[in-house]
Amino acid sequence: MIEIALYQPDIAGNAGTIARMAACFGLPVTIIEPAGFAWTDSALRRAGMDYLAAAGLRRSPSWADFQAGCASRRVVLLTTQADENYLDFQFRHGDILLLGRESAGVPDEVHAAVQRRITIRMKPGMRSLNVAMACAMVTGEALRQLA
């Protein structure tokens, strides 16, 4: 099993979409706070629909608390600042897929703390994909490898 973690997400709709996808595959999702939206945000509920209750959605009050809770697991950061393509990466059971904020990614301290960094190769000149789309692509590959 893998897990998904969202570092201080900005957009409730993206978090809800990721939670819905995770619920469909039986994967837990942790939101590392502070989030840029309230847990009662209608966009979170709209995107997550009635899947939020099944999503195994958890909250971590800070990056430090999140780290303490996953010290024995490999954290894999999805970032545009990596050289390793996610298609060449060997996922393992227990990996935590970490995605950054839509507006700013993750700070340098988080980059330094994770065990691995992977990217989705894109056409030159393109900045990034929507975080929910990137999460779905990489989650799909991880699940394919671990099936």
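The values are calculated or read from the model by the stated rules, or taken from the named source; none is laboratory data. Here the structure is a predicted model, which means the values were calculated and not measured. Cβ sites come from the backbone with ideal geometry, for glycine too, and all protein chains shown count toward neighbours.
Within the range 1-12, the residues that satisfy the criterion of being surrounded by fewer than 20 Cβ atoms within 10 Å (Cβ to Cβ) and either at pLDDT below 90 or part of a strand (DSSP E or B) (or both) are 1, 3. In the range 90-97, is there at least one residue being polar (S, T, N, Q), closer than 19 Å to residue 3 by Cα, assigned to a loop (DSSP other than H, G, I, E, B) and touching a Lys or Arg at 6+ places or on another chain (Cβ under 7 Å)? Checking the range 90-97: not a single residue is polar (S, T, N, Q), closer than 19 Å to residue 3 by Cα, assigned to a loop (DSSP other than H, G, I, E, B) and touching a Lys or Arg at 6+ places or on another chain (Cβ under 7 Å). Annotation note: Cβ proximity below 9 Å between a residue of the range 23-50 that is on the phi > 0 side of the Ramachandran plot and at pLDDT below 85 and a residue that is surrounded by 20 or more Cβ atoms within 10 Å (Cβ to Cβ) and not in a helix (DSSP H, G or I) (sequence gap 6+ or interchain) occurs for no pair. With respect to the conditions (1) under 20 Å from residue 12 (Cα atoms); (2) at pLDDT 95 or above; (3) in contact with a helix residue (DSSP H, G or I) (Cβ under 7 Å, 6 or more places away or on another chain); (4) not in a strand (DSSP E or B), residue 67 lacks only one, and its number is (1).
Pull up the range 82-137, narrow it to residues that are acidic (Asp, Glu) and closer than 17 Å to residue 66 by Cα, then point me to the one that is surrounded by the most Cβ atoms within 10 Å (Cβ to Cβ). Checked the range 82-137; the qualifying residue surrounded by the most Cβ atoms within 10 Å (Cβ to Cβ) is 95.
Filtered by the rule that a residue be of a type in the set (A, V, I, L, M) and outside any strand (DSSP E or B), the range 26-60 gives 27, 35, 38, 43, 44, 47, 49, 52, 53, 54, 55.
This table checks each residue for (1) closer than 14 Å to residue 132 by Cβ; (2) hydroxyl-bearing (Ser, Thr, Tyr).
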| residue | (1), (2) |
| --- | --- |
| 26 | no, no |
| 30 | no, yes |
| 45 | no, no |
| 83 | no, no |
| 94 | no, no |
| 99 | yes, no |
